[in-house]
Each structure stands twice: as C-alpha cells, then as structure tokens.
Amino acid sequence: MVYGASGHTGRFVVDELLRRGLTPVLAGRSAERLAAVTPQHAALDLCVVGVDDPDLLRRAIAGAGAVVNCAGPFLDTAVPLARAAVEVGAHYLDVTAEQPVVTRLYRELDGPAREAGVVVLPAMAFYGGLADLLVTAALDGDPRADEVEVAIGLDRWWPTDGTRATGARNTATRQVIRDGVLAPLADPAPTGTWSYPEPFGEQPVVQLPFSEVITIDRHLDVGELRSYLNTAPLDDLRDAATPAPSAADERGRSTQQFVVDVVVRRGCDIRRVSSAGRDIYAVTAPIVVEGAVRLLDGRHHGPGALAPGEAFDAGDVLAALGRDIDVAAPLR
Ligand SMILES: NC(=O)c1ccc[n+]([C@@H]2O[C@H](COP(=O)([O-])OP(=O)(O)OC[C@H]3O[C@@H](n4cnc5c(N)ncnc54)[C@H](OP(=O)(O)O)[C@@H]3O)[C@@H](O)[C@H]2O)c1
C-alpha cells in the first residue's frame, strides 16, 4: 500500500513498484486527488482513508504486506500509520526527513514491531536513508567512527507543496551528534565551505542535519556527526516564487542534480564515499521501494524499528540502486 499516492513523491513510488513487478494499493485521504492519479493506473485498487481513525486505518491496511508512507508532513501521519501497520502485521516504511518523527517511531514502535515480527523503517529516502547507507557502507562492518561528515550538494531546489508544508511544520531544534550523544545544533548554524566533486566544486555550506542523524545514532557508535547542505538551494527554498519541480525526462524527473559526500574517520583511517544522481524526489522512489522489496522477500534484519543500514546490507542496497545513484568506490 502506498499512502499519499496522490503526491509528487507518491506517484514516483507507485511507478517504481509497478516497474519492480509489485501491485500497490493507492491510498490517501482524498478520493478526488487519488482519482487524479489513476488514469494511467486504472487497474489498481484505491483506498480512501484518513489517518485520524485507527479502526478504519487497520481495516484499510489489513492484507497489505507493507505500507509505504509518502504523506508528509510526517509529524501528522507517521505514528498513526505505523501503529496501524504494526497492529495488522504489515511492515512500515516512510520517506521522512523530520528528525522528531524518527525519534518517536523508534521510541513508540520498536517494542510493538518486535512483538508483531515486522519492521518499522522511517527515512528510507534521499534525506536520511541515503546518508545512513553510505556511512554504514563506508564503515564496512565496524560500527565505530570518531567523526562523520555528510555533505549534500544540490544545483537547484524546486520544492513541492509537501516540502514547504513540512518545513513550516517542523520547527523543532535540529540535532547533531556531539561527544557521542545527540545534542542541539548550534544557533546560528555553523557555516563553512565544502569541496564537492566536479561539477559542483568548492561551495559555501551550512550545517543542516536531517533524519540521518537519528538513524545513524540508532545503530552506529559515532563521536561527532555534522551534516551540511550547500547554501545555493536554500535560497531557492526560501523564495516563495520558486516553482515546484517539472518533468524533464520520460520518467518524470526534473533536471536537478545532487551529490552526497560522506567522510568517516576512525583514528588515522579516513574514508570518503561520493554519490551522485538526479532529482531528489524521484530518486527517493527506488530507495524506498528497494527497502520494501527486501522487507517483503526476507532480505532484512529485524524485527523492530530500525535504521536503513541496520535493516539491510548497506553495500548491497547501494549496489542495487546503481540505475539511479552513482556511488564512487571508497577512497582512502
Ligand atoms: N526524505 C526525503 O528525501 C524526501 C523525499 C521526498 C519527499 N519527502 C517528503 O515527503 C512528503 C511528501 O512530499 P511530496 O513531494 O510528495 O509532496 P506533495 O506532492 O505535496 O504530496 C503530499 C502528499 O501527502 C498527503 N498528505 C499530507 N498531509 C496529509 C495528512 N495529514 N493526511 C493524509 N495525507 C496527507 C497529500 O495528500 P492530499 O493529496 O490529499 O493533500 C499528498 O498525497 C514531504 O514531507 C516531503 O518533505 C522527503
């Protein structure tokens, strides 16, 4: 089941599930907006249900193997959907970048998920899960790192309505890892420069941690974790006139380019992994669908509420994403 199937990201997820040979039920709160998705997918079942009635939600999800939640702000949708999924024995995945959502899912649903024998997997997406997988792969089986840096570079950011609503709703102080524990990001957020691979090159950045901080803290033993974003796309985001993304290829992807650099240090051992691709919304679909496929076919750890690199073999997942994400081999 894809909840929020009417949204920009939800549509990419539906297409990717179909490409992978799965048959999603399209779910969401609005019959009208769901119906607008279906001309291309007229054979798929629709399910209209809000997140505020647990009984209806349980009945809607019953029979699904997994729920992929694409309806954000996730502060409003994640806990009721994940709880209902666990209660009927379905796996739950979402694409949240919001730190407090991941914290709550880990705190409230780890025990119930273990008892039910299912996995709750928040942040299986561009923001959050991709950095978690890259860091896990760079550490190569050892959970310890003295220092981890994650630097995301975007050439542009055309935000969706969901991104704008989520930014407005998610006002909690962001967290980093300092001295081995979660701690508030300094105010004002520290700035600097980062040397991205070409064509990005050296750019001004600001510390802007997303859900990867909470997922990494879940399963890795990290002394310091700092996450950066280049400042140019933040200007796009702050400008109310910046349009939503528009399709520029046959898959519906925009021309937006991204790079995600990860540097991990353990003593004198420094490893850097760079990844690159196109359209942060579109690329979220293969990431979360790869997770759903592995939860359904048994290639996962658990049960429980887990981080992506904890649930799966991170290197194997990244290799499977090769159609959409170029990952440069670790450079020492
Ligand atoms: N972590 C990442 O890298 C990543 C990547 C992509 C997206 N996201 C996040 O995913 C979310 C969706 O993004 P989008 O680009 O798909 O936005 P969008 O096109 O605006 O779609 C939002 C979707 O969420 C649904 N929705 C919102 N609030 C809801 C609620 N309270 N109850 C039920 N449904 C609700 C909407 O339903 P209606 O059509 O009925 O309004 C719609 O289906 C945002 O939070 C975005 O930040 C994160």
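The values are calculated or read from the model by the stated rules, or taken from the named source; none is laboratory data. Values in this document were obtained by computation on a predicted structure and should not be read as measured data. All Cβ positions, even for glycine, are placed from backbone atoms using ideal geometry, and neighbour counts span all protein chains on display. Each accessible area value is taken on the protein alone, full model and side chains, heavy atoms only, with ligands, DNA and RNA left out. Shrake-Rupley method; radii C 1.70, N 1.55, O 1.52, S 1.80 Å.
Side notes on the structure shown:
- Annotation note: Cβ proximity below 7 Å between a residue of region 146-166 that is more than 14 Å from the ligand (Cβ to nearest atom) and a residue that is assigned to a loop (DSSP other than H, G, I, E, B) (sequence gap 6+ or interchain) occurs for 146/267; 151/196; 153/196; 153/200; 155/256; 156/256.
- Looking across region 100-139, not a single residue is within 13 Å of the ligand (Cβ to nearest atom) and more than 18 Å from the chain's Cα centre (by Cα).
- Cβ separations smaller than 9 Å between residues 6+ apart or across chains give the following pairs from region 26-37 residues that are over 18 Å from residue 73 (Cα atoms) and open to solvent by less than 60 Å² (accessible area, probe 1.4 Å) to residues that are in a helix (DSSP H, G or I) and not basic (Lys, Arg): 26/10; 26/14; 26/34; 26/37; 26/38; 26/41; 37/10; 37/14.
- Looking only at region 52-77, and only at residues there that are in contact (Cβ under 8 Å) with a residue 24 or more places away in the chain and more than 22 Å from residue 23 (Cα to Cα), the one that is surrounded by the fewest Cβ atoms within 10 Å (Cβ to Cβ): 52
- Qualifying residues in region 79-99 (those that are within 10 Å of the ligand (Cβ to nearest atom) and assigned to a helix (DSSP H, G or I)) - the one nearest to residue 52 (Cα to Cα): 80
- Inter-residue pairs, beta-carbon under 9 Å, first on the phi > 0 side of the Ramachandran plot and in a helix (DSSP H, G or I) and in region 212-237, second among the hydrophobic types (A, V, I, L, M, F, W, C) and open to solvent by less than 50 Å² (accessible area, probe 1.4 Å), 6+ apart: none
- Matching residues in region 261-316 - criterion: being among the charged types (D, E, K, R) and assigned to a loop (DSSP other than H, G, I, E, B): 279, 299, 313
- Residue 169, sole failed condition from (1) at pLDDT 95 or above; (2) within 16 Å of the ligand (Cβ to nearest atom); (3) open to solvent by 70 Å² or more (accessible area, probe 1.4 Å); (4) not small (Gly, Ala, Ser): (1)
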